[in-house]
Amino acid sequence: SQTPTPTLSISPLQIIGWIWLAGAVVFLLFQLISYQMFLRKLKASHVQERPEALKQTIWQLGVDMGICRLPEAIITDTVEAPVLIGVLQPRVLLPRTSYTHEELAFILRHELVHYRRRDMWYKLALMLANALHWFNPLVYLMTIQAAKDIELACDDDVAKDLDSETRVRYGNTILAALPRKRRLEPVFS
C-alpha cells in the first residue's frame, strides 16, 4: 500500500503575516542603511575645528539649562541646517555658516531643548510604529504631524521665558534656517 505524501498547506493568514513581516524588515533596513550612509558621509566630510565661541556657548547653555552631559557640537559640510542626530550618542550638527552670537545661542538652545526633552527617543518610537504599520498611509501622516508637533513644542519651550522682542529674533533665526532644512533629514534627527 502507498503512504500518502504530505502536502504543505499555507493559509492566507500566514501569507499576509509573511508579507507584513517582510515589509517591516524592509522598512527598518531602509531606515538603518540610510542612517549609516549619512554617518559615513558625515565621517568622510570635512569637519571644521570647533571655535572657542561655540564651545563656550554650548557649555554656558548647558549650565543655564541644567544639562550635565552635553552632546558634542560639530561644524560640518554634511548638513544644510542645524540638527540634533543620534539616540545613544547625540550630536548637534551645524552647517558651515556664520551666525551671530545670538543666532548661535538660539540655535544651540533649540537643539539642546530637543536633547533635554529626549525627542530623539520619541522619533525612534515613531519610526518603530511606522515600521509596524508600514502598509498604513495614515501612520505616515501621523509621524509627519508628530514631527511637526515635536518642533512646535520645542519652539514653545525655548520661547516661553523670552520677552516679545527676543521671541521675534528667535523666530526669525529659526525661520532663516527653514529653507535650508527642506531636504530629507536623516533618521534619528
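The values are calculated or read from the model by the stated rules, or taken from the named source; none is laboratory data. Note that the structure is a prediction, hence the values are computed from the model and not measured. FYI the Cβ positions are ideal-geometry reconstructions off the backbone, even for glycines, and counts take in every protein chain you see. Only protein heavy atoms, including side chains, enter the accessible area calculation; ligands, DNA and RNA are left aside. Shrake-Rupley method; radii C 1.70, N 1.55, O 1.52, S 1.80 Å.
The table that follows gives values for the structure above.
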| quantity | calculated |
| --- | --- |
| Of the criteria (1) under 30 Å from H133 (Cα atoms); (2) open to solvent by less than 70 Å² (accessible area, probe 1.4 Å); (3) out of contact with any Phe, Trp or Tyr (no Cβ under 8 Å at 6 or more places or on another chain), which one L32 fails | (2) |
| Candidate set: the stretch 80-99, residues that are β-branched (V, I, T) and within 24 Å of A125 (Cα to Cα); chosen: the one surrounded by the fewest Cβ atoms within 10 Å (Cβ to Cβ) | V87 |
| Which listed residue is more than 28 Å from G66 (Cα to Cα) and at pLDDT 95 or above, from Y115, Y122, Y140 | Y140 |
| Among the residues listed as A153, A105, A129, the single one being out of contact with any strand residue (DSSP E or B) (no Cβ under 8 Å at 6 or more places or on another chain), in contact (Cβ under 8 Å) with a residue 40 or more places away in the chain and over 15 Å from F38 (Cβ atoms) | A105 |
| Scan of the stretch 37-57 for residues that are open to solvent by 80 Å² or more (accessible area, probe 1.4 Å) and in a helix (DSSP H, G or I), ordered by number | M37, R40, K41, K43, A44, E52, Q56 |
| In the stretch 1-28, the residues that are among the hydrophobic types (A, V, I, L, M, F, W, C) and open to solvent by 90 Å² or more (accessible area, probe 1.4 Å) | L8, I10, L13, I16, W18, I19, W20, V26 |
| Qualifying residue in the stretch 134-144 (condition: among the hydrophobic types (A, V, I, L, M, F, W, C), over 16 Å from the mean Cα position of the chain (by Cα) and under 25 Å from G62 (Cα atoms)) | no |
| Residue in the stretch 109-132 that is small (G, A, S), within 20 Å of I174 (Cα to Cα) and buried (at least 18 other Cβ atoms within 10 Å of the Cβ) present | no |
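For (1) under 21 Å from S98 (Cβ atoms); (2) touching a residue at least 24 places away in the same chain (Cβ under 8 Å), each residue gets a yes or a no:
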residue: R40; (1), (2): no, no
residue: V47; (1), (2): yes, yes
residue: G62; (1), (2): no, yes
residue: R69; (1), (2): no, no
